[in-house]
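First the structure, in the form of structure tokens, and then the observations on it.
The values are calculated or read from the model by the stated rules, or taken from the named source; none is laboratory data. Fair warning: this is a prediction, and the values are worked out from it, not measured in the lab. Neighbour counts are summed over all protein chains in view; Cβ atoms, including those assigned to glycine, are modelled from backbone coordinates with ideal geometry. Areas reflect the complete protein model, heavy atoms only, side chains present, ligands, DNA and RNA absent. Shrake-Rupley method; radii C 1.70, N 1.55, O 1.52, S 1.80 Å.
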Amino acid sequence: VAAARGGLGARALRLVAAMPTAVEMEPADPTDEDYKAPPLDESAPLRVGLLIEPTPFTHVSGYANRFNEMLRFLRKAGDEVSIVTPDDTVNPPTEAHGFRVTTIAGFRFPLYPLCLSIDLDCGARRMIEECRPALLHASSPSFLMAVALALSKLYRIPLMLSYHTHLPIYAREYLRAFNWFGWLERAAWAHVRWQHNRADLTLTTSPQLAQELRNNGVLRVEVWPKGVDTIKFDPSYKSREMRDKLGGVDPATGEDRPLLLYVGRVCDSKRLQQLRHTLENLPETTLAIVGGGPSLARFQKEFADLVASGRVRFLGIMKGAELSSAF
């Protein structure tokens, strides 16, 4: 909610107009009352154009959860949101949380196995002309972000970018063979600066990432605070049976043993292989991995010896009450 209303929406966009450089901006203090999300009815409803890539509606990830929760609360606040996203699944949704979803044509990028788009059929432009949003929000990095930048300038609409995938780290860690003398990482930072300094506001998912962007020349950066669904993730879901399923009960003694839990997308960017070092230094500890993704088979092979000894368990994707119990 704070990302699109009051504290990090209309109020933040007014603030950045008076703050020409990130150096002059004081990082938000989480203990400050202004840092907290304002009441849903604090300001008048907004018309928001959301250009999001990849779609958050047909795959499971923390990124998708973040956008779905935002939309759920914007509906409660009475905002009008028009969504444009690429999706090549069968029967993609035409609405989400009561908001219209415009699906545009896309393609599969070799380095990223989800549908992306440069919006050749101008679906985003038609959305703007029909709905006349007061604010554009685009996910970054993405091909669709370039469309958002162009439309923001063309229609003179404030633009907010939310930064979800750290490109310089990808360049350093996953394209290492091409990153001679660090040139690819530097190029990634130049790309991030060029794109984000043309937006009115950049949101990041953590204070640490916000500071890193500021240190590397990105202006007008704020944090989109994380939240916890206290209904879905409540201690009342605690279950002895689930702890046993996760590997947190010693089969020999029936006593609890230290348990590490990872819940999320299983992909290279999560660097789950680093948990092997943790397990080697904590011999009484077990690890449960809940989720799926493109690197699942690779990590199952990499942890095969620990799976055989019962110290690592892959539980697959969980939803609903089962997921609540796992937490």
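If you go through segment 72-98 and keep only what is part of a helix (DSSP H, G or I) and either farther than 14 Å from R47 by Cβ or open to solvent by 70 Å² or more (accessible area, probe 1.4 Å) (or both), you end up with R72, F73, R75, K76.
Among residues of segment 253-273 that are among the basic types (K, R), those with a beta-carbon under 7 Å from a residue that is exposed (fewer than 15 other Cβ atoms within 10 Å of the Cβ) and in a loop (DSSP other than H, G, I, E, B) at least six positions away or on a different chain give the pairs R257/D250; R257/E284.
Inspection of segment 153-160 finds a residue satisfying the criterion of being open to solvent by less than 70 Å² (accessible area, probe 1.4 Å), closer than 27 Å to E129 by Cα and among the aromatic types (F, W, Y). The single condition from (1) free of Cβ contacts under 8 Å to residues at least 12 places away in the same chain; (2) touching a strand residue (DSSP E or B) at 6+ places or on another chain (Cβ under 8 Å) that R220 fails is (1).
So in segment 256-309, with the set limited to residues that are under 24 Å from R66 (Cβ atoms) and among the β-branched types (V, I, T), which one is surrounded by the fewest Cβ atoms within 10 Å (Cβ to Cβ)? In this case the residue turns out to be V263.
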